[in-house]
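Nothing in this text is a laboratory measurement; each read-out follows from the coordinates by a stated rule. The shown structure was predicted, so the numbers you read here are calculated from the model rather than taken from an experiment. Ideal geometry is used to build each Cβ from the backbone, glycine not excepted, and the neighbour counts take in all protein chains shown.
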RNA sequence: GGAGGGAUGGCCGAGCGGUUGAAGGCGGCGGUCUUGAAAACCGCUGUGGGGGAAACUCCACCCUGGGUUCGAAUCCCAGUCCCUCCGCCA
């Protein structure tokens, strides 16, 4: 959520920033937010004065009663005061609620270093790592390779769950687990993250905190019945809410967390995009990195966190490039986002495998996450960062496609072998 | 699922409907004492918002939301969460 004071005092800049990221029909909403702020500011002094009077009057009533005197006209005056107070409280609540409603639907402002542009075409490549994998045979896509190896099955998943689900079998399931364990090991032991095993169901408030609600309900799976629980679309949600409504000790920041969770997305690819294979599923798994930090170090931490995700790709020997997303391609909560794209030989293209964002105080303001600099003094909103480190299914795809050999077997990256009981090659099922 | 009990400041814990933003204790911070520390003693010590250069001052907040009342931490209603017992259960 944006600071209402920024909207009030820098309306034009806010409008410009939000327009650059593709928001439309802003003018009216922004003007309303500002107007509501003015109304709020007009109500508050009157309300507080009335409350002060009532308090004083109450003390006089108490004195009169103690002295055994009649307080009838005091009571009458008090009744009138209270009526006015109730009315003003109602007005104020309505104004604040309306303002909140509008503010919750506005995306974050882009950081000044973010390239301006309408869509993904304006994204810029920052750097590349590794040589694009070349073969002296025609490499297969994982949707052929996996089933041929007998480790990946789409048809059986369709039987029980429908489109956009997959089953991993045998060595495939084991490889999946190895990838998870490898990533968690690197992030906890080498990068200093605290491992978290969070709930996979979260309530509405948690999703408002991260920015998934109220605008993106259609992307989520909601539980049936009268519960207000949703399946997590990413571990970012439970991790961000780990310190909801808390004031953190500034001396202990940054706090770095890593979680492995399944992720559930309802509208994943309703555009007929990536209908084949494991790329876009209703259910997938992800290792998520999350940091709570201070404003002055959040961009440094953004680089660090992105680097931590890159290191996973490098250890696996997977060629990738880092992109900085343009204003038009960023997610709702992000002020700046790096995408890591891994090379997929079967598709002759780089595909997103990680997305690392600084949301600045956007989520912190929604979720009430503050910190006290130096452990004392006035609390201010923290900055939160999130990034995939990495998406498990896409990593599995990348390992299969990049490690494939002419006979259909796949070489297991060295870094994964300790997690695969030493297995070096995945052989086709016979 | 059934039956009870509870929710107060960083923590524990009091609180006849009327100077109670809230006793007391612990913890924390500062000081006295000490070569240093401990102990003892003294003082300070919640959050958010408004006004003020500042001293300071005003308002709100005792789980949440409603209600009663001139006035609610205290009374009423609803909800959430926690605890105990019973049942069920990986």
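Some observations on this one:
- Calculated FRET efficiency for the pair residue A:424/residue A:144, C-beta based, R₀ 25 Å, to 0.05: 0.65
- Secondary-structure-derived ellipticity at 222 nm for chain A, considering helices only, amounts to -12500 deg cm²/dmol, per-run term -39500 (n - 2.57) for DSSP H runs with n ≥ 4.
- Principal-axis tilt of helix A:11-20 within chain A, Cα atoms, nearest 10 degrees: 20 degrees
- Two-site FRET efficiency, residue A:227 against residue A:165, from Cβ-Cβ distance with R₀ of 22 Å, rounded to 0.05: 0.40
- Dmax and Rg, reported as Rg then Dmax, of segment A:4-103 (C-alpha, Å): 20.7, 70
- Helix A:392-403 axis versus longest C-alpha principal axis of chain A: approximately 20°, rounded to the nearest ten.
- Once the Cβ-Cβ distance of residue A:247 and residue A:409 is raised to the sixth power relative to R0 = 35 Å, the FRET efficiency obtained is 0.05.
- Annotation: extensible slack from residue A:153 through residue A:296 equals 46.7 nm (criterion: 0.36 nm per residue apart, minus Cα-Cα distance).
- Spacing of the modelled spin labels on residue A:5 and residue A:70, each 7 Å from Cα toward Cβ, amounts to 5.1 nm.
- Estimated at 0.36 nm per residue, the fully extended path between residue A:128 and residue A:97 surpasses their Cα-Cα distance by 6.4 nm.
- Remark: the residue A:31-residue A:314 segment gains 97.0 nm on full extension, using 0.36 nm per residue and subtracting the alpha carbon distance.
- Per-selection Rg to Rh, segment A:48-108 - Cα, Kirkwood hydrodynamic radius: 1.30
- Alpha carbon centroid spacing (whole Å) that separates segment A:357-420 from segment A:6-76: 42 Å
- Peptide ranges A:127-137, A:159-169 listed from the most packed, as the mean C-beta count within 10 angstrom indicates: A:159-169, A:127-137
- Size descriptors for segment A:120-426, from the alpha-carbon set: Rg then Dmax equal 19.5, 66 Å.
- Above 26 Å, the calculated P(r) of segment A:157-299 contains 34 percent of its Cα-Cα pairs.
- With Cα atoms, 0 to 90° folded angle of helix A:298-315 axis to chain A main axis: 20 degrees
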